[in-house]
1. Taking the alpha-carbon centroid of each part, what is the distance from the stretch 245-310 to the stretch 121-200 in angstrom?
2. So, with +1 on the Cβ of K and R and -1 on the Cβ of D and E, and no other charges, what is the size of the charge dipole of the chain about its Cα centre, to the nearest 20 debye?
3. How big is the dipole moment of the stretch 27-156 about its Cα centre under a simple scheme where the beta carbon of each Lys and Arg is +1, that of each Asp and Glu is -1, and everything else is neutral? Debye, nearest 20, please.
4. May I ask you to list the aspartates and glutamates whose Cα is less than 12 Å away from that of K225, ignoring any residue fewer than eight positions away on the same chain?
5. Tell me the chymotrypsin sites (Phe, Trp or Tyr not before Pro) within the stretch 128-235 that lie in a loop according to DSSP and have at most 15 other beta-carbon atoms within 10 Å.
6. As a check on your grasp of the helix formula, calculate [θ] at 222 nm for the chain: sum -39500 (n - 2.57) over DSSP H runs of n ≥ 4, divide by the residue count, round to the nearest 500.
7. In a shell of Cβ-Cβ distance under 12 Å around P150, excluding P150 itself, what net charge do Lys and Arg (+1) and Asp and Glu (-1) give?
8. Apply 1/(1 + (r/R0)^6) to the Cβ-Cβ distance of I274 and R253, taking R0 = 41 Å, and write down the FRET efficiency to the nearest 0.05.
Amino acid sequence: MRELLLICIMVLCYASAKACDICGCGVGSYYLGILPDFNKRFIGLRYQYNTMQTHLGPEGRHTPLTADETYQIVELWGAYNFGDRVRVMAFLPFNFNQRRLNAMEESGEKSGLGDIAAMAYYRIFEGGNTTTKFKLFNHSLWAGAGVKVPSGEYDNSERASVSADSPNNFQLGTGSTDFTFNATYDARLMDMGFNLNLLYKFNTENQYEYRYGNKFTGNALFYYKFLIDQKLRIAPNIGIRYEKAEQDVSYRRFYINQSGGNLTSAIAGLELNIGRYALGVNYQLPVDQHLADKRVHAGNRLMTHLSVSF
């Protein structure tokens, strides 16, 4: 009964929470997905490629100010388990932002360290049983909190170069200390599984009195694990990701109209494990979006990772 109640609370949070730095751009989101198989600890590299169009006109029409933006993130990440119940994860990103104004044939770019983040999880429960058809069922629930520090550069002149109501995404960091509340549930019947990740990000105001809207991200994945020659484990997965945003706030009272919104994406991926090594890739295709009063349009995303457990 306790486990069922906790899962119901998670689903309700998924349906009702608000948040998001627009669609996971340079100051964006923490996508976890299916973690690599590991017993004690792992370390690895992740690569993310995101595209979006900003400064669109009413109803998403192109204007002379419309820009094509690309956000690439190379991230060192890892996890360490303390005993059976505590897990700590850390993220060290390096961001590469590019922007092109096609009508004016102008372009710009920024690169450098992003905002470093850490999360701690506590295992609330883990258990299993054998079904009436003699199939093994296992599930677990982890929940916790984290912090993101303003290690990435925030350029306040970026906002001065555009209208005060425009998106403020072309940054390496938010300039603020922010907090996350996160939970992950995994259930598996033999080799078929379901994975749910929920994350709520509470943003604070930076020194320039600008606060990004709080961020909610949830993704649900179905997967199946194939074991080949007792060495290679292959896990194709499909699912959905949902993001919802509050509007940014300037000087504690001015809401930025061209911010906030929601985005739903379909996910298809593949995870490979051989011994201590893991390789993964997933592709995310937007299927429904309403971002920044339709002044921002999110493109497709690609993520890959390579990790080793030790």
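1. 11
2. Values: 31 positive and 29 negative charges, 219 e Å.
I would put it at about 1060 debye.
3. On the way: 13 positive and 13 negative charges, 179 e Å.
So the magnitude is around 860 debye.
4. The qualifying aspartates and glutamates are D37, D191, E271.
5. Details: sites: F134, F137, W142, Y154, F170, F179, F181, Y185, F194, Y200, F202, Y208, Y210, Y212, F216, F222, Y223, Y224, F226; in loops: F134, Y154, F170, Y208, Y212.
Sparse-neighbourhood loop chymotrypsin sites (Phe, Trp or Tyr not before Pro): F134, Y208.
6. Values: 2 runs with 19 residues, N = 310.
Using -39500 (n - 2.57) per qualifying helix, the result is -2000 deg cm²/dmol.
7. Working: positive: K148; negative: D115, E153, D178, E205.
Residues close to P150 contribute a combined charge of -3.
8. Numbers: r = 55 Å, r/R0 = 1.34.
Plugging the Cβ-Cβ distance into 1/(1 + (r/R0)^6) gives 0.15.
The values are calculated or read from the model by the stated rules, or taken from the named source; none is laboratory data. Predicted, not measured: the structure shown is a model, and the values here were computed from it. Neighbour counts run over all protein chains shown; Cβ positions are idealised from the backbone, glycine included. For accessibility, only protein heavy atoms count, side chains too; no ligands or nucleic acids. Shrake-Rupley method; radii C 1.70, N 1.55, O 1.52, S 1.80 Å.
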